[in-house]
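One structure is given below, encoded as structure tokens.
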Amino acid sequence: MFFKQLLKTFTLTKNMSTIAINETSVLVDKIGKITTIGINRPEKRNCVDSTTAKLLKRAILNFEEDDSSLTAVLYGIGGNFCSGYDLQEIADVGDSHCRSYSEFSILPLKKMIRKPMVASLSGYTVAGGLELALLCDLRVMEETAVLGLYERRFGIPISDGATVRLPALIGLSRALDLILTGKSLTAKEAFEWGLANRIVACGTGLGQALQLATCLEKFPQDCLISDRDSAYNAAYTQVYEELLKYEKQNANSVKLKSIVEGAKKFLSGIGRHGKSYNLKEKDCNDWEKEFNEFVKSKL
């Protein structure tokens, strides 16, 4: 029965990703007691704009309030989990607007979702996408997927929980390595570091995540939720929510102008595809500038 339902989900996902791409950027479905939440912006590697963020928060809230659903699986459609916030939207804000960066948030400000969530990670799981994956309890990662806090190279502050959740999950030293350098992690490295709970073949992430979610919902739920709460409490002590609020407030201390400039830098092609080199424009001598202008005039 499970595999018949799983096949149905794959069929629905395949159809929805082609016919509903312009209708909704978040697709929600149910398989028995499992809710599936799919980010549906494959043409932009599932980066999240403000509309998608609202739909995503609503889908998570609805899952929490649905007593007939015990676990959820979060995934991306089209080969990528999520590449973070849509920097085109940030770049379009412009310097004249006085909005704070906290408005560009993907996740609800809360320490954890009330019931277990499993993330199916494929392709790019970077920037805010990695923060979204960290909100989930367990992460099933395809062998070709990549993790990283890529916002580092563009001066975009972390504001969706990574500075709080990463140190608790993998330790301060490794968390700082990811946070300060913006480096990429392969599936093998993510598993060794404790970020990925399972490594699976490319293209099988969603099915394996659903199978893992099925394993969770078969257990007595009162005890599972109680033990889960105790584990989170032990990992973060009693200051979890205060830490998340501090991260959000601290991110707002970064001037929006510099954030917009970072978004424009990304859109110009600098630092794309995980590149952490050539992030600054090269200083040229006067003779080099004159030579470049001469060459341009002859083209």
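Can you confirm whether ALA59 is of a type in the set (Gly, Ala, Ser), more than 14 Å from the chain's Cα centre (by Cα) and at pLDDT below 90? Even if it seems obvious, please write down each step before you answer.
Values: of a type in the set (Gly, Ala, Ser): yes; more than 14 Å from the chain's Cα centre (by Cα): yes; at pLDDT below 90: no.
No, not satisfied.
Restricting to the range 125-140, count the residues that are within 13 Å of the chain's Cα centre (by Cα) and part of a strand (DSSP E or B).
Number of matching residues: 3.
Quick check on the range 174-188: of everything there that is open to solvent by 10 Å² or more (accessible area, probe 1.4 Å) and either among the polar types (S, T, N, Q) or in contact with a strand residue (DSSP E or B) (Cβ under 8 Å, 6 or more places away or on another chain) (or both), which residue is farthest from ARG152 (Cα to Cα)?
By that ranking, first place goes to LYS188.
Could you list all residues from the range 105-121 that are modelled with pLDDT of 95 or more and among the small types (Gly, Ala, Ser)?
Listed by number, the residues that qualify are ALA119, SER120.
What do you reckon, is LEU210 part of a helix (DSSP H, G or I), under 18 Å from PHE63 (Cα atoms) and out of contact with any Pro (no Cβ under 7 Å at 6 or more places or on another chain)? Reasoning before the result, please.
Details: part of a helix (DSSP H, G or I): yes; under 18 Å from PHE63 (Cα atoms): yes; out of contact with any Pro (no Cβ under 7 Å at 6 or more places or on another chain): yes.
Here the answer is yes, as LEU210 does meet what is asked.
Within the range 114-124, can you find the residues that are assigned to a strand (DSSP E or B) and either open to solvent by 10 Å² or more (accessible area, probe 1.4 Å) or hydrophobic (A, V, I, L, M, F, W, C) (or both)? Steps first, please.
Our first condition is that a residue be assigned to a strand (DSSP E or B); within the range 114-124, this holds for 117-121, 124.
Correct list: MET117, VAL118, ALA119, LEU121, TYR124.
Check THR144 against each of (1) open to solvent by 50 Å² or more (accessible area, probe 1.4 Å); (2) closer than 29 Å to GLU65 by Cβ and name the one condition it does not meet.
(2)
For residues in the range 147-156 being open to solvent by 20 Å² or more (accessible area, probe 1.4 Å) and either touching a strand residue (DSSP E or B) at 6+ places or on another chain (Cβ under 6 Å) or part of a loop (DSSP other than H, G, I, E, B) (or both), which is modelled with the highest pLDDT?
Looking at the filtered set, the residue picked out is TYR150.
How about the range 157-171: which of its residues are within 17 Å of TYR232 (Cα to Cα) and surrounded by fewer than 23 Cβ atoms within 10 Å (Cβ to Cβ)?
Listed by number, the residues that qualify are THR163, PRO167, ALA168, LEU169, ILE170, GLY171.
For the range 69-85: of the residues being in contact with an Asp or Glu (Cβ under 7 Å, 6 or more places away or on another chain) and open to solvent by less than 10 Å² (accessible area, probe 1.4 Å), which is modelled with the lowest pLDDT?
Filtering first and then ranking leaves GLY84.
Is it true that ASN46 is at pLDDT 90 or above, open to solvent by less than 30 Å² (accessible area, probe 1.4 Å) and on the phi > 0 side of the Ramachandran plot?
Working: at pLDDT 90 or above: yes; open to solvent by less than 30 Å² (accessible area, probe 1.4 Å): yes; on the phi > 0 side of the Ramachandran plot: yes.
So ASN46 passes the test.
With respect to ASN22, is the statement that it is surrounded by fewer than 22 Cβ atoms within 10 Å (Cβ to Cβ) and modelled with pLDDT of 90 or more true?
When the stated conditions are applied, ASN22 does not pass them.
Does the range 194-205 include one or more residues that are touching a residue at least 40 places away in the same chain (Cβ under 8 Å), assigned to a helix (DSSP H, G or I) and either open to solvent by 20 Å² or more (accessible area, probe 1.4 Å) or more than 21 Å from VAL140 (Cα to Cα) (or both)?
no
The values are calculated or read from the model by the stated rules, or taken from the named source; none is laboratory data. Remember, it's a predicted structure, so these values are computed and weren't measured experimentally. Because the Cβ atoms are built from the backbone with ideal geometry, glycine has one as well, and the counts that use them run over all protein chains shown. Just so you know, the surface numbers come from the protein's heavy atoms only, side chains and all, with ligands and any DNA or RNA stripped out. Shrake-Rupley method; radii C 1.70, N 1.55, O 1.52, S 1.80 Å.
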